[in-house]
Structures are given as structure tokens and as C-alpha cells.
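Colleague: Questions regarding the structure given below will be posed in turn.
Any read-out appearing in this document is the output of simple, stated calculations on the displayed coordinates, not a laboratory observation. The model shown is predicted, which means the values in this text are computed figures rather than measured ones. Note that we place each Cβ from the backbone using ideal geometry, even for glycine, and neighbour counts take in every protein chain shown.
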Amino acid sequence: MSAMPLAPAETLEAYGASAAGCTRCRLAQGRTQVVFGAGNPRADLMFVGEAPGFHEDKQGVPFVGQAGKLLDGLLAGVQLRREDVYIANVLKCRPPGNRDPQPDEIEACEPHLFRQIELIEPKVIATLGNFATKLLSGRPLGITRVHGQEQELTIAGRSLLLYPIYHPAAALYTPAMLKVLESDFARLPGLLGATLDPAPLEAMPEPQPAVTAPAEQLGLF
Ligand code: SF4
């Protein structure tokens, strides 16, 4: 049987396996493991957070602590599950004491993130918090100014929508932030729908049937 080209899932998996041994920055010394990312390797929607924390470092999965529970709840609020999306961080290794990522660490790690984006080919990237937003937007504007405002960008050679959102951890410290997060998450299905090829929709007869299974209809599987 002739060799088949690698499917995107296999390629992402292979890239993740190679990144597991990364020593490009000092964070390699204190980590338990590289937290590469998790979710659907063909997802239309990708989330990018900041860096692994204590629990993520131990389990090897992003967003498994308190902020992860909040993220799950926010996803459920828009009829999405973790398996529908892909979740990664700017840094793949835990900074000691959960301190902020340093500029040289972000620079060292960003090839991993850009390669993930190339392989997953998301239509929408929701950046969670300041670090991911500033890195992927290429602008110094903070999350307070830009959250909830999508912008069209070319990232890793691909045209997509960047959609900044507060980091879910913000709601752990400031409960009122949960309303803002819910409001910003509520726009995600619409943004995903806006990025789909309009041709099939135009061909459908009027009136349109109600959307009863948003995740499937958005092509998230
Ligand atoms: S943080 Fe990124 S660049 Fe640094 S060692 Fe981990 S995977 Fe490599």
C-alpha cells in the first residue's frame, strides 16, 4: 500500500510529540512536562491562553484548574464542548510560581503556537487575556480596550478572525467579570457562522429552518 500523506490530526500529533522535548527556553528546567494543547485538531475555533499553571503542568492538559472549569461553563453556554474546539497557550511550559511570561520566553515559544495554527487552520482564534492578544494581534493594546472586538488578520499565512476575550481567570478574582465573559462568548457562534463559506446557505430555499444543533452545523467536528 502506498504511503498516504499525513492527515492534519496525525501531523499535529507528530508536531506535539516533537515539541515535548523542547528546550528552547529556561522554562524547560522547571516543568513537569510540555503542555502542548488539547482538543479537536480540525477545530474551526481555537482558544489561546497564557501559560500552564500548577495543575496543567502536572496533568499535561491546558485549562484543567479553576479557570478551566469556568472555561467549560462558558463553552457550554454557547453549546460548545472542549472536543469541539482546540485549546492551547502562548507558553507551553509553566513559569515558576505562575509568574508572567517573559518576552524572551514568548519569542522562543511562539514558533510552536504558529505551527499549531498552521496545522489546525482555525477560522476564529479567541485569545484569552493580554499575552495571547498582544502576541497574535501584533499590537500593544490591552485586553480591556479590545475584548469583544473581532479583527480580520493573516496569521501563519491564513486569513482568520482574531477575537480577544478576557482570560477566564479574571472572573475568579473579579466575579462581575463573568458577565463580560458570557457576553463576549455569546458572539462566538455568530463569528464562526460568519466565516463559513456562504455558498451553501445562499442555495438553500427560504425560509431557513431553525438551527437546532449549532456545533455540528458550524462544522466544528
Ligand atoms: S516554554 Fe516553549 S520554548 Fe520554552 S521550553 Fe517550553 S515549549 Fe520550549
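Colleague: With a sphere of radius 13 Å drawn around the Cβ of E152, what net charge do the other residues whose Cβ falls strictly inside it have (Lys, Arg +1; Asp, Glu -1)? Kindly include the intermediate steps, with their values, before the conclusion.
Modeller: On the way: positive: K123, R158; negative: E150.
So the environment of E152 carries a net charge of +1.
Colleague: Can you list the HN-Hα couplings for the range 150-157, worked out from phi with the Karplus curve (6.51, -1.76, 1.60; θ = phi - 60°), rounded to whole Hz and with x for Gly and Pro?
Modeller: 6, 9, 7, 9, 10, 10, 6, x
Colleague: Quick check for you: which residues of the range 155-188 have the amide N under 20 Å from the point 7 Å beyond the Cα of K69 toward its beta carbon?
Modeller: Label zone hits: 167-182.
Colleague: Size of the range 91-133 along its principal axes in angstrom, Cα-based, largest extent first?
Modeller: Reported extents, whole Å, longest axis first: 33, 19, 15.
Colleague: Then there's this: Calculate one ³J(HN,Hα) per residue across the range 98-115 by plugging θ = phi - 60° into the Karplus curve 6.51 cos²θ - 1.76 cosθ + 1.60, and present them in order as whole Hz with x for glycine and proline.
Modeller: 6, 5, 5, x, 8, x, 6, 5, 4, 5, 5, 8, 4, x, 5, 5, 5, 5
Colleague: How much space per residue, in cubic angstrom, does the convex hull of the C-alpha atoms of the range 16-188 take up?
Modeller: On the way: hull volume 17.9 nm³, N = 173.
Expressed per residue, the convex hull around the Cα atoms of the range 16-188 is 103 Å³.
Colleague: What does the convex hull of the Cα atoms come to per residue for the range 67-160, in Å³? Each step should come with its number before you reach the end.
Modeller: Numbers: hull volume 11.4 nm³, N = 94.
Here the figure is 121 Å³ per residue.
Colleague: Using C-alpha positions alone, give me the convex hull volume of the range 114-182 per residue in cubic angstrom.
Modeller: Values: hull volume 5.9 nm³, N = 69.
So the per-residue hull volume is 86 Å³.
Colleague: Working from the pairwise distances between different alpha carbons, so that the mean of 1/r is found and then inverted, what is the range 25-108's Kirkwood radius in Å? It would help to have the intermediate numbers written out before the result.
Modeller: Working: mean 1/r = 0.0761 Å⁻¹.
The Cα-based Kirkwood calculation yields 13.1 Å.
Colleague: Are there trypsin sites (Lys or Arg not before Pro) in the range 1-104 that DSSP marks as loop and that have at most 11 other Cβ atoms within 10 Å, and which are they?
Modeller: On the way: sites: R24, R26, R31, R42, K58, K69, R81, R82, K92, R99; in loops: R24, R31, R42, R81, K92, R99.
Sites meeting the loop and neighbour criteria: R99.
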